[in-house]
Each structure stands twice: as C-alpha cells, then as structure tokens.
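Contents: one structure, followed by commentary.
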Amino acid sequence: MKTIAIYLFFTLLALAPTCSRESSQRSTDSETTKVAERVVPQEYSVILPHKSTKSATPGKGEACCSENVSYQPDPENLDYFGTRHIRVNFHFMYDSDGKNNVPKEIAVKRAKQILHSANHKLRNNCKMSLPQDNDIARLPIQIQLSLTPRPGVADDTGIYFHDDDDMYFYVKRGKNENRGRQDVIKKYGVQLDTVMNIFIMPHHPDSVKSNNYKADITGLAMRGLGAIKIAGWHINPNAASSEVAKNLNHEVGHMLGLNHSWTRSDGCDDTPPHPNCWHYTKNGSVCDSLISNNLMDYNAGKCALTPCQIGKMHMNLSTEGRKVRNYLDPRFCKFDGRNSVIITDSLHWAGAKDMRGDVTVADGGILNISCRVSMPQFGQITVMPGGKLILNNNKIHNACGYEWKGIKVYKQKKRRGEVVFNGDPVFENTAPINLEPVTFYPSKD
Ligand SMILES: [Zn+2]
C-alpha cells in the first residue's frame, strides 16, 4: 500500500504544471499543491530525495526560470524581490594639463550628484506615455547604482582622474570618430570584471568649435568591455543633474541588456513603435501627441521602463554565468535579518532569487520554488508545522560560496511541516539536508 501511494504521488507530481505563467505571482490554489494534498498521506509528508523519472538536469529548475515575466517585480510582493545594487566607478579624462573636462575641483561632487539623481530616477519609474491611454503597469525597477572603490585601497573613492593627451577625448562622428576605441578602457579600467566603469570624456575641442558637430550629452555602452563612455558633461558643468542622469541611466540600461525601444526588435511587446519625437510640439505634426518617455528611446523624458524591460534586466542579473551578474554588489550573500521573510499564504517563486535573510514558511503557507535560490550566509529555510515547501528540481546555494544553514522542518503533535521534492533539487554550500521534523516548542511570551 505504501509503495502504491508513493508511486502515485510521484507520477502525479511529474504531470503537475508547476511552472505556468499564471502561477508566477501569488496564487492560492496551484495545481501542484492540490495534487500533493490529495495523495500524500500524513506519514509521508516529508519526501526524501529520489531519482527523477524526468530527464531534466538536477538543480536546473524549470522553464519559467528563463521567462521574462518571472523577473518582473510584483509590487504586492517586494519583500521577495529586493533591490539590486550595480557596482559602478567613474573616470574623468583630461588633457595633459588636467583641463578640457569638468573642472577637477568639482568633478567628485558632480559625479555624486548625478549618481544620486540617477538613483532617484530608478526609484521613481514613470507611467509609459505611449501608446496613448495605455494600461501598461508602472512597476518598481528595483535597481540602484552603487559607487564602488577598490577594496582595501586607502583613499580610493571609486572616482578616478587621468591626464592623457592621446586618449582623453570623444569624437562621436566624422573622420576622427573614436568613440568605439577600446584603448582608453583597457589602459585605465579598474575592476572591469565586477564594476561597471563609466568614463566621462569631453568632446574634442576642435569638434566643439565646428558648426557641424553637436556637442551634446551622449554615450556608448561597451558591454563586452564592462564600460560606458559618456561625453558632454563638460559643456555645461552646472546643468541640472537630473537631465544628465537620464543619459547615464540609458547607457546603464544598454549594459544590462536593453536595446533601443523604438526599433521593434528589442524583444519586448510592451514598447510600442513611434515616430521618436524628442519634445512635444504644437505644429500639427505627429509630435504634438506621440511622444515616448521610455528610457531606452531618444526623448526629453527618458524616465519610463516597461514590465518587459525591467524583467529583462533582472533576468540577466539573476542568471548565473551572464557577464552582467558580476556587476551585482553581492551584499545579498551576507545575512541581513531585516530582509527575512515569512510566507503565510501560497506563493510561487518562478524566477531565480538572491535572498538576504531567513525564509520561513508559516502554518498555512505554501512556498513553491521553481528556480535557483541563493540563501545568505547563516541563513536558513524553516518550514513550520502546517507549512509546505515544494522544490521543483531547483538549486539552493549561497552565490558567494558561504555556508548557509539548510532547511529545518518542525512538527507539533500530529502536525508537521512538509517538504516536497519534485525532480532532483540540489543543495550547495550547506551541510547535508536533514528533513526529519523536529518538535517545535512555541515561546511562552
Ligand atoms: Zn542608446
């Protein structure tokens, strides 16, 4: 009888749609849960690791781990979607006299002002202006930029100055165009593998004098090198930092995998084609009304990102092996109890996550995990009596290689926490997982 019950249980689990789009958000009756509840007798509530009958790679997770929608922050559940911090530094390039860019005496303050403004904008996503009367959600972006010096280097601020007649300038077009040159990055880059290097360069003085050259604020994201070149800050060093910050965020968007949104080939259905007008006009043209405010267009607003664009950046940041993931400040690898979460109802984690605190599945809570989860050092997953944790062929580890404390399951009289294995979950950076419930004694106070 026992054999039949276990066989039936795993057969039904293999058939259960654990990774549907609908269940990527909070849900109260996922099919998996129904199946598990229907066939698992109480004495088998803790299911120990078994060999999967499916051919999936152990720990790989499910198809939803590579779906954009799984990485779009849910405003109702931001506790489970912490803000990501991207490490950046700045390089100000000057001629050999230390001139021809933002004056050195104000450059540090200027960089910090613009960074502050860029982060303010990233915390305040705009409603999309196109298509007109759209109902595209204005989701939180959950990304910030973090000035990052070299660890252990005294007086390093993460803002550097270089005087170099040969490499200091930026020419965006014409016969002397040099914006794609890599030598300046290779010579002066600092921590290029882990920190996004932002080079602040002047337009060449000869270009600025030319009537045919627009010495505006412009830039180039060089994804392969881990660097951004930006020109034009020096033209008006007192320009509103919020205006300059738009350009910085646009280039960061490129670095995190976004393409221009008017191209119709940016991989997002929620960025509509449009005539790419810069400003509103009053001349009877299409620019009287059809103005985009998307960050990845060319326009004066540059403040909106769509759910798909946000999902794309976070999927890149969450996927192991992608270059951009190296830019993440790995503060999530260390425990921060303020970010511990308690699951009290039914929740499906359909995208990879980097948790910063403990995870507790409370009485009545069901946590269904389909993708990689990084637990912080010393962090623990706890399943309380009456709580249920379902692991769908995913990996749980610490992304920095620190040790985490594993999964603890509690029982109280006849009630137990349940852990269900679907496929072959993998645990790394922790002692062998013991899922045998231990008695829970509630505190008296
Ligand atoms: Zn661009």
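Quick note: the coordinates plus some simple rules give every number you see, no bench work behind them. Quantities reported herein were computed from a predicted structural model and do not represent experimental measurements. All Cβ positions, glycine included, derive from the backbone under ideal geometry; neighbour counts span all protein chains shown.
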>> Expected output is a single nm value to one decimal: the length gained when fully extending between residue 134 and residue 412, i.e. 0.36 nm times separation in residues minus the C-alpha distance. What is it?
In response: 95.0 nm
>> Rounded to two decimal places and with Rh computed the Kirkwood way over Cα pairs, what is Rg over Rh for segment 58-109?
In response: 1.35
> Given Cα pairs under 8 Å that are at least 6 residues apart, what percent is the relative contact order of segment 80-318?
Replying inline: 23 percent
>> Restricting to DSSP H runs of at least four residues, report the calculated mean residue ellipticity at 222 nm for the chain, -39500 (n - 2.57) per run over all residues, nearest 500 deg cm²/dmol.
In response: -5500 deg cm²/dmol
> Which residue fluctuates the most in the chain, going by a Gaussian network model with Cα springs under 10 Å, if the choices are 245, 154, 300?
Replying inline: 154
>> Calculate the FRET efficiency for residue 127 and residue 173 from the Cβ-Cβ distance with a Förster distance of 35 Å, rounded to the nearest 0.05.
In response: 0.55
> Roughly how many nanometres apart are two label points built 7 Å out from the Cα toward the Cβ at residue 336 and residue 283?
Replying inline: 4.9 nm
> Using r as the Cβ-Cβ distance of residue 108 and residue 378, and R0 as 51 Å, what FRET efficiency do you calculate, to the nearest 0.05?
Replying inline: 0.90
>> Pick from 373, 383, 341 the residue whose mean-square fluctuation is largest in a GNM of the chain, springs joining Cα atoms under 10 Å.
In response: 341
>> Which of 67, 320, 76 ends up with the largest GNM mean-square fluctuation for the chain, with Cα atoms connected below 10 Å?
In response: 76
>> How large are Rg and Dmax for segment 283-381 when calculated on the C-alpha trace, in angstrom?
In response: 19.3, 63
> If the chain between residue 323 and residue 69 were fully stretched, how many nm would it gain, using 0.36 nm times the residue separation less the Cα-Cα distance?
Replying inline: 89.3 nm
> By per-residue mean of other Cβ atoms within 10 Å, what is the highest-first order of 196-202, 233-239?
Replying inline: 196-202, 233-239
> What are the trypsin sites (Lys or Arg not before Pro) within segment 208-253 that DSSP puts in a loop, where the Cβ has at most 15 other Cβ atoms within 10 Å?
Replying inline: 214, 223
>> I'd like the orientation of helix 307-318 relative to the chain: the angle between its Cα long axis and the longest Cα principal axis, in ° from 0 to 90, rounded to 10.
In response: 80 degrees
> Which value, in debye to the nearest 20, gives the size of the charge dipole of the chain about its Cα centre, when Lys and Arg are +1 and Asp and Glu are -1 at the Cβ?
Replying inline: 400 debye
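Where does segment 294-445 land on Rg(C-alpha)/(2.2 N^0.38 Å)?
Normalised Cα radius of gyration, segment 294-445: 1.20.
Relative contact order of the chain, please, whole-number percent, based on alpha carbon pairs below 8 angstrom and at least 6 residues apart.
18 percent
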>> No solvent, one uniform scatterer per C-alpha: report log10 I(q)/I(0) for segment 100-183 via the Debye equation at q = 0.11, 0.19 1/Å, two decimals.
In response: -0.58, -1.03
> With the radius of gyration and the Kirkwood radius both derived from the Cα set of segment 80-318, what is their ratio Rg to Rh?
Replying inline: 0.97
> Cα gyration tensor of segment 220-317, axes a ≥ b ≥ c as square roots of the eigenvalues: rounded (a/c below 1.5), prolate (a/b > b/c) or oblate?
Replying inline: oblate
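Measure up 121/312; 229/353; 99/121 against 26 Å on the Cα-Cα distance and list the ones that go over. Display every interim value, and only then the final one.
Numbers: 121/312 18 Å; 229/353 31 Å; 99/121 31 Å.
Those over the limit are 229/353; 99/121.
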>> Using C-alpha positions alone, give me the convex hull volume of the chain per residue in cubic angstrom.
In response: 179 Å³
> What full-extension length gain, to one decimal in nm, is calculated for residue 428 and residue 97 as 0.36 nm per residue of separation minus the Cα-Cα distance?
Replying inline: 113.8 nm
